[in-house]
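Single-structure report; data block below.
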Amino acid sequence: MALKVTKVDVWAGDVIDSPGGLAEVLEQLAKGGESIDFLIARRSDKHVKVGKVFVTPVTSGKGKEAAGRAALRRATKLFTLRIEGGDKTGLGSKITRAIGNAGINAKGVSAAVIGNQFVAYISFDSEQDADKAAAALNRLKVNGAPQKRAAGRSTAKKPATKRATAGTRSRARRR
């Protein structure tokens, strides 16, 4: 199976670090009709009772209004690619090597494997870096075939069986 590489918008904001704080954010998004593909939430090491939350996607007008009520904003300094495909030993190293060989440094990596599929979100410092990384990944050969190119930003809902529900920002699964 070929890799699917898509640009995605990430929404981010502060979350109250107390029991139910994250649930309040997610309840607002659900009221707006959003179904989240990926979520990262972390407690702050620098601020007491504060954490950060990152979600994607937020696509509808109603969903964007709900995100605003939850104090989330489109992260304008995160340029993120969603990479998905069949899990295979060594694929994480191939992906990160292709990005590195293109002269690009990733800002953050989150990845998960569910069954025999993986999904990774890799963010970059600029849109140009994200575009260069996407081009490098689209040239990457998996199972001897070049990747299928996915154009533009993803707005389609993914089937529940392929939806990742949590990940880690600091520890990506390495192959």
Free of Cβ contacts under 8 Å to residues at least 12 places away in the same chain and out of contact with any Gly (no Cβ under 9 Å at 6 or more places or on another chain): is that true of THR76 in this structure?
yes
Take SER110 and tell me if it is closer than 12 Å to LYS7 by Cβ and of a type in the set (S, T, N, Q).
no
Considering (1) surrounded by 12 or more Cβ atoms within 10 Å (Cβ to Cβ); (2) modelled with pLDDT under 65, say which one ALA145 fails and leave the rest.
(1)
Taking LYS7, is it charged (D, E, K, R), out of contact with any Cys (no Cβ under 9 Å at 6 or more places or on another chain) and free of Cβ contacts under 8 Å to residues at least 40 places away in the same chain?
no
Those residues of the stretch 106-117 which are part of a strand (DSSP E or B) and surrounded by 14 or more Cβ atoms within 10 Å (Cβ to Cβ) amount to GLY108, VAL109, SER110, ALA111, ALA112, VAL113, GLN117
Just need a number here: residues in the stretch 28-43 that are closer than 14 Å to LEU72 by Cα and in contact (Cβ under 8 Å) with a residue 40 or more places away in the chain.
5
Please determine, by comparing only the residues of the stretch 65-92 that are of a type in the set (S, T, N, Q) and under 18 Å from the mean Cα position of the chain (by Cα), which one is surrounded by the fewest Cβ atoms within 10 Å (Cβ to Cβ).
THR76
Restricted to the stretch 126-141 and to residues being surrounded by fewer than 16 Cβ atoms within 10 Å (Cβ to Cβ) and part of a helix (DSSP H, G or I), the residue modelled with the lowest pLDDT is ARG139
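The values are calculated or read from the model by the stated rules, or taken from the named source; none is laboratory data. Since the structure is predicted, the reported quantities are computational estimates derived from the model, not experimental observations. As a convention, Cβ positions derive from the backbone with ideal geometry for all residues, glycine included, and neighbour counts pool all protein chains shown.
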